[in-house]
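Enquirer: There's a structure below that I have some questions on.
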Amino acid sequence: MSSKYSLNSSLAGAAVALSAACLLAGCVVRAVVPAPPPPPPPPRVYVQPPPPPPPPQAYAEPAGDAEVTAQEAPPPLPDYEQPPCPEEGYMWAPGYWGWGGGGYYWVPGTWVQPPQVGLLWTPGYWGFVGGVYRFNVGYWGPHVGYYGGVNYGFGYVGVGFAGGRWVGNSFAYNRAVLNVNVNIHNTYNETVVNRVSVTKVSYNGGPGGTAAVPTAQERAWGSERHAPPTGAQRQHVQEAFHNPALSARANGGHPAIAATPRPGAFNAPGVVGAHGASMPPSAAQRGGQPGQFGQNGAHAPGQPGQPNGAHPPGQPGQPNGAARTPGQPGQPGQAGAKPAKPPAKPQRPKPEEKKGDKEK
C-alpha cells in the first residue's frame, strides 16, 4: 500500500514538474522583443503655395525683332505717298503689317538712320510655311537680301533696292525713286524699269502670295553678318502696336498713319495717311483732307504725287519709281508749283437811278 502511494506521489510530482517545464518553455517561446521607438517627425516647414495663374491678357506684346506666326494672311499693302526725307543720312524703311493681339496692325513706313555707315535695310516679309504665315524680321547688312518678292514700293520692287547707294561714307539718293527735297544735295537721277507686276500682295507663298524664291546671290547675302533693327525701329513697332487706329480691324486696311518722317513721329508734321483712310480729328482741326493730313498742298485723288493716281509712272515719292521734273505739283518740300491766282473781286452793282434824276 505504501509502495503504491509512493509510486503515485512520484508520478504526480513528475507530472507537476513536467507541467512547470512546459509552462516555462511556453513563456520563453512567446516572449516578444519590443520594437525600437519610431524616429521623431521632421520639423514642420511652411511652404508657400504657388501663386494663382495670371488672368488671360487682352493682348500679347509683339516682339520687335522676333519671328511671329499667324493663321490668316496679312491684308494687302495700302496705297500711300512717301514723306520727304528729313535730312541726309536717313534711309527709307517701308511699312508692313505686323501681328499682335490676335490681329494685324500697320507699322508705318518711315525714314530711319542706319546703325552704321555702309549698311542697307532689307525689309521683313510674311511667308507661308508649314500651313502658317511666318514673319521674317528685317535686318541691316552690306547688301539688300531676299524679302519674299513683295513690292513695297519706293525702290523696294521685290528684288534689291533702287532708291540709293553708298558712295564712300555718304548715302546718295535716287531722286527718280525717293522723295528728297532741295536741301539734300547728295543725289543722282536713274530711271528704274519695273520688270515685275505691281501688286499689293503683302506675303510670299500660299494662296495668292508672291511666287518669288531667293536667288543664289540672295542666299549668299543672307549668310552675311547682319545687324538687327535699331532701337528706334523697335520703339516704332511698339508705338504702332499700341495705336488702336492702326489695327486692320479698325481701319479696314487703310491706316490713317501710313508713313512718318521719323520713327515714332506719329503726330508730327509730315505724317502721311493711306488713300481711303478716314480723316482723324487732328487733321480736321488743321483743315486737312483724308489721306493728306500733316502735309502742305493737299490735292485731290489721282493728281501727281499719289501712287494710285492717273500720272506718268514712277515719280519721286511713289512706289512705282520713274523720274519727274523737280518742282511739279505733288512734290512735297520742293519749289516750282505756282500758286493759284486769287479769284477776281466781284463788282458791286450800281445803285438804281431815280426817275426824277434821269429826266433832269
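Enquirer: Please give the number of the condition Ala268 fails out of (1) in a loop (DSSP other than H, G, I, E, B); (2) within 21 Å of Tyr152 (Cα to Cα); (3) of a type in the set (A, V, I, L, M); (4) modelled with pLDDT of 60 or more.
Expert: Result: Ala268 passes all but (2).
Enquirer: So which pairs qualify, if the first residue must be in segment 228-245 and closer than 16 Å to Ala93 by Cα, the second must be β-branched (Val, Ile, Thr) and in a helix (DSSP H, G or I), the Cβ gap must be under 8 Å, and the two must be at least 6 apart or on different chains?
Expert: Pro229/Val237
Enquirer: A follow-up question, please. Sort out which residues of segment 100-115 are at pLDDT 95 or above and farther than 22 Å from Gly273 by Cβ, and write them in order of number.
Expert: Gln113, Pro114, Pro115
Enquirer: From Arg249, Arg262, which residue is in contact (Cβ under 8 Å) with a residue 60 or more places away in the chain and farther than 27 Å from Ala73 by Cβ?
Expert: It is Arg262.
Enquirer: What's the total number of residues in segment 107-132 that are part of a strand (DSSP E or B) and either over 14 Å from the mean Cα position of the chain (by Cα) or within 19 Å of Asn169 (Cα to Cα) (or both)?
Expert: Selection size over segment 107-132: 9.
Here is a yes/no grid of residues against (1) at pLDDT 90 or above; (2) under 19 Å from Pro86 (Cβ atoms); (3) in a helix (DSSP H, G or I); (4) under 22 Å from the mean Cα position of the chain (by Cα):
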position: Gln238; (1), (2), (3), (4): yes, no, yes, yes
position: His254; (1), (2), (3), (4): yes, no, no, yes
position: Ile257; (1), (2), (3), (4): yes, yes, no, yes
position: Pro263; (1), (2), (3), (4): yes, yes, no, yes
position: Gln285; (1), (2), (3), (4): no, no, yes, no
position: Gln292; (1), (2), (3), (4): no, yes, no, no
position: Asn296; (1), (2), (3), (4): no, yes, no, no
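Enquirer: Let me ask something else about it. With touching a residue at least 60 places away in the same chain (Cβ under 8 Å), closer than 23 Å to Thr215 by Cβ and surrounded by 20 or more Cβ atoms within 10 Å (Cβ to Cβ) as the only criterion, which of Gly95, Gly100, Gly138, Gly124 stands out?
Expert: Gly138
Enquirer: While we're on this one: Out of segment 134-159, which residues are closer than 18 Å to Gln82 by Cβ and not hydroxyl-bearing (Ser, Thr, Tyr)?
Expert: Selection gives Gly138, Val144, Val150, Asn151, Gly153, Phe154, Gly155, Val157, Gly158.
Enquirer: OK, next. Under 7 Å between Cβ atoms, which residue pairs at least 6 apart in sequence (or on different chains) link something in segment 67-87 that is on the phi < 0 side of the Ramachandran plot and touching a residue at least 12 places away in the same chain (Cβ under 8 Å) with a partner that is assigned to a loop (DSSP other than H, G, I, E, B) and of a type in the set (Val, Ile, Thr)?
Expert: Going by the 7 Å Cβ cut-off, the qualifying pairs are Glu67/Val137; Pro76/Val201; Pro84/Val180; Cys85/Val180; Cys85/Ile184.
Enquirer: From the set of residues in segment 146-190 that are part of a loop (DSSP other than H, G, I, E, B) and touching a Leu at 6+ places or on another chain (Cβ under 9 Å), which is surrounded by the most Cβ atoms within 10 Å (Cβ to Cβ)?
Expert: Among those residues, the one meeting the criterion is Gly163.
Enquirer: Something else now. Being hydroxyl-bearing (Ser, Thr, Tyr) and out of contact with any Phe, Trp or Tyr (no Cβ under 6 Å at 6 or more places or on another chain) is true for just one of Tyr104, Tyr96. Which residue is that?
Expert: Tyr96
Enquirer: Here's another thing I want to ask about it. Which residue, of Ala172, Ala162, is of a type in the set (A, V, I, L, M, F, W, C), touching a strand residue (DSSP E or B) at 6+ places or on another chain (Cβ under 7 Å) and under 27 Å from Gly208 (Cβ atoms)? Can you show your working first?
Expert: Details: Ala172 fails: under 27 Å from Gly208 (Cβ atoms).
Sole residue among the options that is of a type in the set (A, V, I, L, M, F, W, C), touching a strand residue (DSSP E or B) at 6+ places or on another chain (Cβ under 7 Å) and under 27 Å from Gly208 (Cβ atoms): Ala162.
Enquirer: Based on what the data block shows, is Ser202 surrounded by fewer than 21 Cβ atoms within 10 Å (Cβ to Cβ) and either touching a helix residue (DSSP H, G or I) at 6+ places or on another chain (Cβ under 6 Å) or not charged (D, E, K, R) (or both)?
Expert: The answer is no for Ser202.
The values are calculated or read from the model by the stated rules, or taken from the named source; none is laboratory data. Given the structure is predicted, the values throughout are model-derived calculations rather than measurements. Positions of Cβ are generated from backbone atoms using ideal geometry, with glycine treated the same way; all protein chains shown enter the neighbour counts.
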